[in-house]
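The values are calculated or read from the model by the stated rules, or taken from the named source; none is laboratory data. Everything numeric here is computed off the predicted structure, so don't read it as measured data. Reconstructed Cβ throughout: ideal geometry from the backbone, glycine too, with neighbour counts over all protein chains shown. Ligands, DNA and RNA are excluded from the accessible area calculation, which covers all protein heavy atoms including side chains. Shrake-Rupley method; radii C 1.70, N 1.55, O 1.52, S 1.80 Å.
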Amino acid sequence: MLAVNVLALWRYTRYYSITKEEYDLHRTAKGLKELDNIAWQCISAENQHKRFLCSDMMPENTPEQESTHAKLSESLQRYDASKIKFI
């Protein structure tokens, strides 16, 4: 998943789908450029991009996307940062 922070009168996040292979592009400079291009395509099309999953800004979501957002929010709330171990 690609999360993009949007700065308007307030800050919120839009979420877009990416494949595992696309996610792994961040490992090289060339790949990072490709991933950056994907992000800019998503940003340019806003919530109209085919990769758009949902937004923290509820009016941008369809009823199906609201359901996706609810599931995403629930999974993020279960995330426990205290379990991260630093080496």
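Just checking, which of S67, S55 is of a type in the set (S, T, N, Q) and loosely packed, with under 15 Cβ neighbours inside 10 Å?
Working: S55 fails: loosely packed, with under 15 Cβ neighbours inside 10 Å.
Only one candidate qualifies: S67.
Got a number for residues in region 22-75 being among the aliphatic types (A, V, I, L, M) and in contact with a helix residue (DSSP H, G or I) (Cβ under 7 Å, 6 or more places away or on another chain)?
Matching residues across region 22-75 total 6.
Residue check, E46 against (1) of a type outside the set (F, W, Y); (2) without any contact (Cβ under 8 Å) to a residue 24 or more places away in the chain; (3) open to solvent by 80 Å² or more (accessible area, probe 1.4 Å), all met but one. Which one?
With (1) of a type outside the set (F, W, Y); (2) without any contact (Cβ under 8 Å) to a residue 24 or more places away in the chain; (3) open to solvent by 80 Å² or more (accessible area, probe 1.4 Å) applied to E46, the lone miss is (2).
Can you pull out every residue in region 1-35 that is over 24 Å from T68 (Cα atoms) and either open to solvent by 30 Å² or more (accessible area, probe 1.4 Å) or not in a helix (DSSP H, G or I) (or both)?
Applying the first criterion (over 24 Å from T68 (Cα atoms)) to region 1-35 yields 9, 25-34.
Those that are over 24 Å from T68 (Cα atoms) and either open to solvent by 30 Å² or more (accessible area, probe 1.4 Å) or not in a helix (DSSP H, G or I) (or both): L9, L25, H26, R27, T28, A29, K30, L32, K33, E34.
Taking only region 29-86 into account, find how many residues are among the aliphatic types (A, V, I, L, M) and modelled with pLDDT of 90 or more.
10
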